[in-house]
Amino acid sequence: MRPFAMTFPDISADLKAAMPGLRGRLMENQPLAELTWFRVGGPAQVLFMPEDEADLAYFLARLPDQIPVTVIGLGSNLIVRDDGVPGVVIRLGRGFNAVEIEPGERVRAGAAVPDLKVARAAQEAGISGLAFLRGIPGAIGGALRMNGGAYGRETKDALVEARAVDRQGRIHALRNADMGYTYRHCGVPAGYIFTEALYQGERGDPAVIAAEMDKITESREATQPIKSRTGGSTFKNPPGQKAWQLIDAAGCRGLKVGDAQVSEMHCNFLINLGAATAADIETLGETVRKRVRETSGVALDWEIKRIGVIK
């Protein structure tokens, strides 16, 4: 990983002056690489970590419209480009990290809660139907935004409602039907920042649910390079097809650009062998897309989110 290549003008002092009631942390030119699973990328011009939903709404209501906003979660499905991200990057933290069991086999979780933690809380409470979250390497906010799923279920199958704050600082309660879910896609406007989710499960046996989660864990460990610096599934599965099979057929298994490599274990995963840049990883992904298009005629769509300055 190389040091980031640029420094942005400091706008944090002006933002703080305009927001005397702000309780969260504003940090200028904050490195983001260590917040991503790939461990690559440049800084955020400003990184904001709100205290809670009200603090986030206060901030957005007073943020000038011309300043772009980018939201990141656990960084598991993310490439931050080498020259960083202009504007404000928002990362939800402790104020969005609660999990609560509610009557009627329901689970309420903040957007910063790891998916695994929600799956475990449901299992311990004897609530079935949420074990699939064990297979998603991210947080609830990301699962809401992309209809995250694994092992036969996805977010739309379990979500009752979600809460979000829009770019003007208004808070919204969104029912499942309002989410506009399709495969790995959410129809809610991009400017909405999810803060909370309410899931519906069914009464189940904790031991049976635990066994289901163990099976998911074993499957992931046997088939995915989860101990590498990776970003999870790189491309969406085209209708009726598997992205990894198309990539393999195109001869891309093990392909390298710099220190970025297509995983030998699962070729829909890209990995950082140690010294890759974000440009190496993104170039490798585009090379894979080109070869798949040439060999099969299929245009793969990125599942990994890519943010920041494009050179």
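Descriptive notes on the structure:
- Among residues of the range 203-243, those that are within 28 Å of Ser296 (Cβ to Cβ), assigned to a loop (DSSP other than H, G, I, E, B) and either free of Cβ contacts under 8 Å to residues at least 60 places away in the same chain or touching a Cys at 6+ places or on another chain (Cβ under 7 Å) (or both), counted: 8
- From the list Ala139, Ala111, Ala131, Ala162, the lone residue that is within 30 Å of Lys311 (Cα to Cα), of a type in the set (A, V, I, L, M, F, W, C) and touching an Asp or Glu at 6+ places or on another chain (Cβ under 8 Å) is Ala139.
- In the set (1) more than 18 Å from the chain's Cα centre (by Cα); (2) of a type in the set (A, V, I, L, M); (3) part of a strand (DSSP E or B), Ala177 fails one condition alone, (3).
- Residue that is farthest from Gly191 (Cα to Cα) [pool: residues in the range 40-71 that are among the β-branched types (Val, Ile, Thr) and open to solvent by 10 Å² or more (accessible area, probe 1.4 Å)]: Ile67
- Hits in the range 161-170 (condition: surrounded by 15 or more Cβ atoms within 10 Å (Cβ to Cβ) and on the phi < 0 side of the Ramachandran plot): Glu161, Ala162, Arg163, Ala164, Val165, Asp166, Arg167
- Candidate set: the range 144-168, residues that are at pLDDT 95 or above and aliphatic (A, V, I, L, M); chosen: the one nearest to Lys215 (Cα to Cα): Ala158
The values are calculated or read from the model by the stated rules, or taken from the named source; none is laboratory data. Source: prediction; values computed, not measured. Methodologically, a virtual Cβ is constructed for each residue, glycine included, from the backbone with ideal geometry; neighbour enumeration extends over all protein chains shown. Ligands, DNA and RNA are excluded from the accessible area calculation, which covers all protein heavy atoms including side chains. Shrake-Rupley method; radii C 1.70, N 1.55, O 1.52, S 1.80 Å.
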